[in-house]
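**Q** I'd like to ask some things about the structure below.
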Amino acid sequence: MSLLETLAEQEARLVFRSFTNEDALALGAFLLDAAREQYLPLVVSVRRGQQRLFHAALPGTSADNDEWIDRKSRVVDRYGRSSFRVGETFRSRGQTFENDSRLDPRVYAAHGGVFPVNVAGVGMVGTVGVSGLPQAEDHAFVVAQLELFLKR
């Protein structure tokens, strides 16, 4: 399976039955606890629509990580796919998101770490993401935690 196929499969599989403010808070706390347990310098953000419902920054992060989360979240909002998948789609065509998307790279970043919150029968309702590690690691952390959270 190619990386793009794997990323698409993750999005198809990691779907919520519903997603309330309470779910967002629980998800954010779940990711934050996992980051703490692993001593990871991460910013964690969970949004429904354009509303930020959970945001936390662990030691080792900075305001730059907040900006990365915002830029990656805008990509997910615009494309309805994980920020890593969007960037990889451009790379698979021999392009770069920064040069070929026609979007301002100061506003949008197609780097791994933000994932769509999809609800069965509804579609995308928000985003969940982290910033602080290399992009593939940010993405892998979010996917691993979503897998565990959705099994609960």
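Coordinate-derived values only; no laboratory data. Please read all numbers here as calculations on a predicted model, not as lab measurements. Virtual Cβ from ideal backbone geometry, glycine too; neighbours counted across all protein chains shown.
**Q** Of all trypsin sites (Lys or Arg not before Pro) in the stretch 74-139, which ones are in loop regions per DSSP and have a Cβ with at most 13 other Cβ atoms within 10 Å?
**A** On the way: sites: R74, R78, R81, R85, R91, R93, R102, R106; in loops: R81, R93, R102, R106.
Those that pass, being in a loop and sparsely packed, are R93, R102, R106.
**Q** Now for a separate question. For the chain, with only Lys/Arg (+1) and Asp/Glu (-1) charged at the beta-carbon, what is the dipole magnitude about the Cα centre, in debye rounded to 20?
**A** 360 debye
**Q** If you wrap a convex hull around the alpha carbons of the chain, what volume per residue comes out, as a whole number of Å³? Don't skip to the end; give the middle numbers.
**A** Details: hull volume 16.3 nm³, N = 152.
In the chain, the Cα hull volume divided by residue count equals 107 Å³.
**Q** List the trypsin sites (Lys or Arg not before Pro) within the stretch 1-64 that DSSP assigns to loop and that have no more than 15 neighbouring Cβ atoms inside 10 Å.
**A** R17
**Q** Can you work out D for the stretch 76-152 in µm² s⁻¹ from Stokes-Einstein, where Rh is the Kirkwood radius over C-alpha pairs, the temperature is 37 °C and the viscosity is 0.692 mPa s?
**A** 251 µm²/s
**Q** Still on this structure, I have one more. Would you calculate a helix-derived [θ] at 222 nm for the chain, using -39,500 (n - 2.57) for each DSSP H run of n ≥ 4 and dividing by the full residue count, to the nearest 500? Each step should come with its number before you reach the end.
**A** Values: 6 runs with 76 residues, N = 152.
So the helix-based figure for the chain works out to -15500 deg cm²/dmol.
**Q** To continue, here is another question. Could you tell me which of T6, V142, L42 has its Cα farthest along the dipole of the chain towards the positive end, charges placed at Cβ (Lys, Arg +1; Asp, Glu -1), taken about the Cα centre?
**A** Checking the options against the dipole of the chain, the answer is T6.
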